[in-house]
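Below: one structure, written as structure tokens.
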Amino acid sequence: MSHKATVWAIQQRGLKPATKIVLWFLCDRHNPDFGCFPTQARLADDAEMSISALNEHLARLEELRLIHRVRVHDPRTHKRQATRYILGFEDGFPQEPTPETGDGFDETDEEQDGGPTPDSGHGAISGFSAKPSPDFAESHLRNPETNLVREPLSKPVKEEEGAQAREAISNEFFGELLAALGLDATALPGWWQGWPPRLHVQRWRDKLGLTEAEIVAAAEASRQEHPEPPDGPKALDRSMQRAAQRKLEDAGRKRRKPKAVPAPAAKPITDLPAFYAKIVNADGYLPVSAISNTMRDAMLGRGLVTAERLRERGIR
């Protein structure tokens with residue numbers, strides 16, 4: 001997603017609401033580095049309209065010189081790739097319609113997965129043809145809704161990854177991470193925008209084994225060494241790797257820690273006369289009422305105590 005593109009879309013005046021919605025979703029799919037190449041199925045789903053209605057609005061946008069569409073084919077397989085959309089504010093927007101691509105063509109052909117590679121930039125897409133090959137153009141039927149022989153349509157890989165990243169990393173957790181790093185969520189640097197940083201954070205959790213709380217804690221700790229917020233998530237890889245290593249070491253120490261040996265159970269008292277004689281002969285507290293006449297006679301009979309000591313201790 002490009003904030004510059006969506007702001008530009010909002011600023012366009014005089015469009016019908018549905019046409020402006022299509023323009024906004026086109027800009028929402030724009031990547032500042034790679035360009036704009038969503039499939040028709042994706043755009044129609046975003047705008048909640050049929051593909052035929054979508055094409056009417058795309059044609060209108062092209063008539064108004066707000067977008068320019070470039071057909072893309074794989075020169076080897078002759079299969080259609082996702083159409084390249086050049087937006088009116090981009091540097092590569094053509095001043096006049098080009099004879100190769102035409103202007104305002106009826107884009108009802110089905111599109112295959114694909115699009116510009118990261119190193120292709122905003123210009124022509126390397127390795128692809130901007131117009132249909134002669135032996136393939138007739139194989140596309142004009143109306144996909146009545147086409148009885150349809151090729152399977154799948155989502156672009158990048159859009160799939162973006163959806164997975166948004167599902168895996170919640171807005172709440174991502175907001176906590178940004179706050180821990182001292183980043184303003186309303187004015188994020190480019191490297192922290194869109195789904196790529198969320199996918200990077202997801203790797204910390206799934207590949208390094210860190211919990212969300214541990215990731216936030218490691219991010220806060222990193223500020224002690226680098227007070228300034230990091231330019232992007234890759235700058236935190238070393239901090240997250242160290243946190244994962246500490247976690248493994250702590251788990252290893254816990255496994256190696258010997259278990260506490262329980263204290264031996266107290267042996268039951270089997271010789272009561274000897275037990276009480278020891279108390280009588282000592283100078284500590286003596287529960288006189290606990291020594292019965294039978295116990296007194298047993299201690300005297302075994303010579304464990306003397307009669308004089310019993311009288312001293314108050315036992316008669």
Output the residues belonging to the stretch 168-184 that are open to solvent by less than 70 Å² (accessible area, probe 1.4 Å) and either over 30 Å from Glu249 (Cβ atoms) or touching a residue at least 24 places away in the same chain (Cβ under 8 Å) (or both).
Ala168, Ile169, Phe173, Phe174, Gly175, Leu177, Ala180, Leu181, Gly182, Leu183
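Which ones in the stretch 42-61 are closer than 28 Å to Trp191 by Cα and open to solvent by 10 Å² or more (accessible area, probe 1.4 Å)?
Those that are closer than 28 Å to Trp191 by Cα and open to solvent by 10 Å² or more (accessible area, probe 1.4 Å): Arg42, Asp45, Asp46, Ala47.
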Those residues of the stretch 1-15 which are open to solvent by 40 Å² or more (accessible area, probe 1.4 Å), at pLDDT below 90 and touching a Phe, Trp or Tyr at 6+ places or on another chain (Cβ under 9 Å), in sequence order
Met1, Lys4
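The values are calculated or read from the model by the stated rules, or taken from the named source; none is laboratory data. Keep in mind that this is a model prediction, so the values were computed, not measured. Note that each Cβ is placed from the backbone with ideal geometry, even for glycine, and that neighbours are counted across all protein chains shown. Ligands, DNA and RNA are stripped out before the accessible areas are found, and what is left, the full protein with its side chains, is counted by its heavy atoms. Shrake-Rupley method; radii C 1.70, N 1.55, O 1.52, S 1.80 Å.
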